[in-house]
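The values are calculated or read from the model by the stated rules, or taken from the named source; none is laboratory data. Note that the structure is a prediction, hence the values are computed from the model and not measured. Glycine also receives a Cβ, built like all others from the backbone with ideal geometry; neighbour counts cover every protein chain displayed. For accessibility, only protein heavy atoms count, side chains too; no ligands or nucleic acids. Shrake-Rupley method; radii C 1.70, N 1.55, O 1.52, S 1.80 Å.
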Amino acid sequence: MTSRAIFPIKNTMHEPEHLVIRPPSEARSLLVRTVRGCNWNRCLFCGIYDLFGTPYSTRSLDEVIKDIDALHDIYGDIFKTAFIGDANPISLDTEFLVTVLTHLRERFPRVQRVTSYGRASSLQKKTVEELRAIHEAGLDRVHVGLESGSDAVLKLQVKGTNQKQLIEAGLKTMLSGMELSYYFLSGLGGQDLWEEHARESARVFTEVKPHFIRVRRLYIHPMSRLMAKLRSGEFREQTPEGTVLELRALIDHLDAEGTTFTTDHANNYLQVHGTLNAEKTAMLGMIDSFLALPEHRRVEHYNSTPSVI
Ligand code: SF4
């Protein structure tokens with residue numbers, strides 16, 4: 001779901017701070033840091049901000065505004081898209097965000113789309129009116145790591161949220177007018193909870209009908225807390241074939257008219273894309289065709305798929 005953000009920096013009076021990560025789709029975007037790290041930072045499978053030595057801390061409004069001005073001095077008004085980070089700018093005060101977004105839009109009038117990451121718990125804490133104000137100030141889309149809609153999986157992975165919150169946060173975001181991109185992390189329930197993981201996630205997606213459902217496959221980093229659970233046997237990693245069956249079960253349970261479904265990352269075993277519900281049958285058919293291949297062909301395919309996110 002992420003890529004390292006790199007800026008070529010020229011000399012300037014004030015050097016803007018860099019993000020740790022951004023979505024791959026924001027590779028050419030203006031990147032603005034509104035907050036450092038993740039205010040939750042406890043998900044067992046993650047640890048990205050620990051890896052890059054970035055503990056959570058807030059920034060002053062003055063610092064962020066100076067960053068935006070400095071980015072304008074360095075690059076000029078050349079960007080068509082912008083991304084604000086790090087992990088959860090939605091946790092910031094609404095007024096702070098509105099001021100930052102308004103300034104960003106004023107300094108970079110050619111920007112056509114601004115997006116950010118956001119935790120469902122932070123979205124749920126805001127009113128629809130607050131989210132609408134943030135949207136009207138310039139935030140077009142929020143990328144939310146739902147990961148799973150299953151309370152059991154969310155608890156196991158210390159995600160710090162639950163199904164009810166995911167549904168409420170999603171519905172509020174949709175009402176605000178912002179685009180919602182929900183991320184599903186396949187394999188997160190391991191071998192023991194995969195059916196519930198697929199079924200309960202589909203339940204959230206069906207209730208919310210987000211604009212996008214994006215699928216990523218779990219990669220267990222050697223330094224992550226989940227690796228310790230894997231080594232101790234507390235977590236049984238999903239098999240490649242199980243991952244494909246899980247994807248099939250997820251799609252099969254979905255009823256989300258108008259939602260774009262996409263496994264738009266190279267670490268997925270199958271590239272499945274379509275608009276729900278019209279293309280649901282075709283997506284299931286594509287998976288079934290793959291599962292009908294001889295075993296050695298499927299194994300060959302699994303072995304040739306990269307793991308890292
Ligand atoms: S909320 Fe996101 S960034 Fe924060 S620890 Fe969890 S997965 Fe990582």
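Here are some notes:
- The residues listed here are LEU51, LEU61, LEU101; of these, the one that is hydrophobic (A, V, I, L, M, F, W, C), more than 30 Å from LEU188 (Cβ to Cβ) and open to solvent by 40 Å² or more (accessible area, probe 1.4 Å) is LEU61.
- Total residues in region 229-262 satisfying the condition of being closer than 22 Å to GLU295 by Cβ and either among the polar types (S, T, N, Q) or not assigned by TED's automatic domain parsing to the domain that holds SER150 (or both): the figure is 3.
- Of all residues in region 34-44, those satisfying the criterion of being open to solvent by less than 30 Å² (accessible area, probe 1.4 Å) and within 14 Å of the ligand (Cβ to nearest atom) are VAL35, GLY37, CYS38, CYS43, LEU44.
- With respect to the stated conditions, THR161 fails to be away from the ligand (no atom under 16 Å from the Cβ) and either among the β-branched types (Val, Ile, Thr) or not in a helix (DSSP H, G or I) (or both).
- A single member of SER232, SER186 is within 24 Å of ASP151 (Cβ to Cβ) and more than 21 Å from the chain's Cα centre (by Cα), and it is SER232.
- Considered as a group, the residues in region 164-182 that are open to solvent by 10 Å² or more (accessible area, probe 1.4 Å) and touching a strand residue (DSSP E or B) at 6+ places or on another chain (Cβ under 8 Å) include one that is nearest to the ligand (Cβ to nearest atom), and that residue is GLU179.
- Candidates are the residues of region 118-149 that are open to solvent by 10 Å² or more (accessible area, probe 1.4 Å) and in a strand (DSSP E or B); the one that is nearest to ALA249 (Cα to Cα) is GLU147.
- Among residues of region 130-151 that are within 12 Å of ILE90 (Cβ to Cβ) and within 16 Å of the ligand (Cβ to nearest atom), those with a beta-carbon under 8 Å from a residue that is of a type in the set (Asp, Glu) and open to solvent by 10 Å² or more (accessible area, probe 1.4 Å) at least six positions away or on a different chain give the pairs VAL142/GLU179.
- Residue within region 205-215 that is over 22 Å from VAL142 (Cα atoms) and either in contact (Cβ under 8 Å) with a residue 60 or more places away in the chain or open to solvent by less than 50 Å² (accessible area, probe 1.4 Å) (or both) present: no
- If the condition is being within 16 Å of the ligand (Cβ to nearest atom) and of a type in the set (Phe, Trp, Tyr), then region 86-126 contributes only TYR117.
- Members of region 19-33 that are over 13 Å from the mean Cα position of the chain (by Cα), part of a loop (DSSP other than H, G, I, E, B) and under 15 Å from TYR49 (Cα atoms): LEU19, VAL20
- Filter pass, LEU185 being open to solvent by less than 40 Å² (accessible area, probe 1.4 Å) and free of Cβ contacts under 8 Å to residues at least 24 places away in the same chain: no
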